[in-house]
Amino acid sequence: MDFIIENIPTILALMCTGVFAGLLAGLLGVGGGIVIVPVLYFLFQAFGVSPESAMVIATATSLATIVPTSVSSIKAHSAKGNVDFSLLKVWGPFILAGVLVGSWLVTRIDGNWLTMLFGVIATLSALNMLFGSKKPLVQQLPGTAGQSVMATNVGLFSSLVGIGGGTLTVPILTFCNYPAHKAVGTAAAVGLLISLPAAFTMLVVGTTPIDAPFGTFGLVNLIGFICIVPLTVLFAPLGASLANKLDAQKLKKIFAVVLMITGVRMLGQLFL
């Protein structure tokens with residue numbers, strides 16, 4: 001009980017992160033990781049964790065939260081026939097290869113490199129939300145060789161920055177004239193293929209930093225996981241229902257601006 005009382009501000013901040021990530025996931029269709037990673041990154045620093053340690057723990061914890069939320073999302077999308085299992089059979093081994101390399105790198109490289117990479121991906125994602133064309137760049141997915149390169153890079157970069165399948169998979173598929181509803185559903189399954197092995201690797205192989213917040217095992221902060229996951233799962237359906245009542249496209253533009261500011265700020269913290 002004393003622990004809970006002493007850490008009420010931290011617990012409340014983590015719970016708010018779960019609520020915010022769940023609402024945005026349901027309302028705008030954005031992946032929770034793109035929200036959770038920067039919030040945890042700055043939150044852990046506020047409680048005395050170094051930027052380098054904060055980033056690797058935020059990355060691993062975000063991936064751990066994606067596991068249960070992606071399972072819930074897969075069930076919903078699969079019931080509507082929006083998960084392309086034939087594509088997953090092609091992509092799966094290459095995603096796993098990318099994830100294993102990315103997860104190993106997270107346990108080995110300086111957290112500042114991860115911060116820089118996340119800042120770049122967040123900024124590019126924001127620009128895509130603001131100015132990206134809805135027209136496909138090509139008429140169909142490339143052959144197996146091309147798709148293997150796509151899938152490997154999705155697994156690699158997603159595991160490096162703590163995001164699920166949606167941030168990279170959905171734009172890649174839609175650029176290749178892939179149906180948007182199937183892209184979103186399939187991306188949920190990609191999220192599970194990324195997050196499960198990545199989180200497990202970082203939990204088991206990762207060395208806990210000396211300045212890690214309490215409750216961190218390996219590189220995963222289990223207190224953050226426990227506080228975030230139930231609320232993300234609970235509030236995602238509420239966000240989806242609000243999407244029918246609010247101007248989701250306008251809100252998505254606002255979120256894109258906030259995401260861009262966040263990405264630039266993370267980059268600025270490194271170089272300024």
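Any read-out appearing in this document is the output of simple, stated calculations on the displayed coordinates, not a laboratory observation. Quick caveat: nothing in here was measured; it's all calculated off a predicted structure. Cβ sites come from the backbone with ideal geometry, for glycine too, and all protein chains shown count toward neighbours.
A few points about this structure:
- Both radii were evaluated on the Cα set of the chain; the Rg over Rh quotient, with Rh as the Kirkwood radius, amounts to 0.95.
- Cβ-placed point charges (K, R +1; D, E -1), dipole of the chain about Cα centre in debye, nearest 20: 1000 debye
- Residue exposure proxy: Val90, Val39, ordered by other Cβ atoms within 10 angstrom of their Cβ from fewest to most, comes out as Val90, Val39.
- The packing ranking, built from the mean of other Cβ atoms within 10 Å per residue, places the peptides 193-201, 133-141 in the order 193-201, 133-141, highest first.
- Principal axis dimensions, segment 135-236 - Cα atoms, whole angstrom, descending: 50, 32, 17
- Close amide-amide hydrogen proximity is noted between Gly31 and Thr167, each under 5 Å apart and 5 or more residues distant or on a separate chain (H modeled in the peptide plane; Pro and chain starts excluded).
- Each residue of segment 102-114 was assigned a 3J(HN,Hα) from its phi angle through the Karplus expression (A = 6.51, B = -1.76, C = 1.60, θ = phi - 60°), giving x, 5, 5, 5, 4, 6, 10, 8, 5, x, 5, 5, 5 Hz with x at Gly and Pro.
- Each semi-axis of the equivalent ellipsoid for segment 80-184 is √(5λ) with λ an eigenvalue of the Cα gyration tensor; in descending order they amount to 24, 18, 11 Å.
- Residue order, fewest to most beta carbons within 10 Å, for Met15, Met116: Met15, Met116
- Taking θ as phi - 60° and the Karplus parameters 6.51, -1.76 and 1.60, the scalar couplings of segment 166-183 work out to x, 4, 9, 5, 4, x, 4, 5, 5, 4, 9, 6, 8, x, 4, 5, 6, 4 Hz in sequence order, x denoting glycine and proline.
- Set against the 2.2 N^0.38 Å expectation for a compact globular protein, segment 39-87 has a Cα radius of gyration ratio of 1.67.
- Residues Ser148, Ser78, Ser62, sorted so that the one with the fewest Cβ neighbours within 10 Å comes first: Ser78, Ser148, Ser62
- For segment 224-272, trypsin sites (Lys or Arg not before Pro) meeting the loop criterion (DSSP other than H, G, I, E, B) and having at most 13 other Cβ atoms within 10 Å: Lys245.
- Rounded to the nearest 10 degrees, the angle from helix 33-46 to the longest Cα principal axis of the chain is 20 degrees.
- Projecting the Cα atoms of Gly166, Gly92, Ser133 onto the charge dipole of the chain (Cβ charges, centred on the Cα centre) puts Ser133 farthest toward the positive pole.
- Proximity of backbone amide H atoms, modeled 1.01 Å from N, is registered between Phe217 and Leu222 at under 5 Å, excluding neighbours fewer than 5 places apart on the same chain.
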